[in-house]
Structures are given as structure tokens and as C-alpha cells.
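The values are calculated or read from the model by the stated rules, or taken from the named source; none is laboratory data. Everything numeric in this text was worked out from a predicted model, so none of it was measured. With ideal geometry, Cβ positions are generated from the backbone for all residues, glycine too; neighbour counts draw on all protein chains shown.
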Amino acid sequence: MARERKTAQELADLIAEKIGVRELFIRVRKDHAYGWEPTVEEAPGDIIGFQRRAEEIANRMRLQYDLRE
């Protein structure tokens, strides 16, 4: 089954929505190993904790979404 294609901004917005924290800025970039990878650039607190959460969510989302370039 083909995965749905989303822009980097759409993927970043979905991850931020799933985390559920305002003032969270996530950037999604193309990655040769995984297809795409999220990076938490701004967060209201522990950036490393939010980065780990974003990566967990991205791991599940990669089964459903590909990055549209």
C-alpha cells in the first residue's frame, strides 16, 4: 500500500499537534536513512525531551507518510 505524501510543514504540524504543546517549533528535513527526520528547534522547556518524543512519533508516522518534495 502506498503511503500518503505530505510536505515537511504538514509533517511538522502533525508531530507538534500530537505532542500537544504550544510554542513548539519543529522542522522536518529529508533524511537519506529514514526518508525524513524531525528536529525540535524551539520548545518551552526541555528540548531534548521534546526531541525524543518527536522522534518516537515520527517513527510511527513514517509507516503512513512519505515526505513530498
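Charged (D, E, K, R) and loosely packed, with under 14 Cβ neighbours inside 10 Å: does that describe residue 10?
Values: charged (D, E, K, R): yes; loosely packed, with under 14 Cβ neighbours inside 10 Å: no.
So residue 10 does not fit the description; no.
Of all the residues that make up region 1-23, how many are of a type in the set (A, V, I, L, M) and farther than 22 Å from residue 46 by Cα?
3
Could you tell me which numbered condition residue 60 fails, if it satisfies all but one of (1) farther than 14 Å from residue 11 by Cα; (2) out of contact with any Pro (no Cβ under 6 Å at 6 or more places or on another chain)?
(1)
Within the set of pairs 6 or more residues apart or between chains, which connect a residue that is more than 14 Å from residue 30 (Cα to Cα) inside region 41-69 to a residue that is hydroxyl-bearing (Ser, Thr, Tyr) and at pLDDT 95 or above with Cβ atoms less than 9 Å apart?
51/39; 54/39
Within region 14-69, which residues are within 26 Å of residue 2 (Cβ to Cβ), surrounded by 19 or more Cβ atoms within 10 Å (Cβ to Cβ) and small (Gly, Ala, Ser)?
16, 54, 58
For region 6-61, give me each residue that is β-branched (Val, Ile, Thr) and under 9 Å from the mean Cα position of the chain (by Cα). Give the steps one after another, and end with the answer.
First, the residues of region 6-61 that are β-branched (Val, Ile, Thr): 7, 15, 19, 21, 26, 28, 39-40, 47-48, 57.
Matches in region 6-61: 15, 26, 28, 39, 40, 57.
Give me a count of the residues in region 46-67 that are in contact with a helix residue (DSSP H, G or I) (Cβ under 8 Å, 6 or more places away or on another chain) and either modelled with pLDDT under 95 or in a helix (DSSP H, G or I) (or both).
Number satisfying all stated conditions: 6.
Among the residues of region 1-21, which ones are in a loop (DSSP other than H, G, I, E, B), without any contact (Cβ under 8 Å) to a residue 24 or more places away in the chain and within 17 Å of residue 52 (Cα to Cα)?
20
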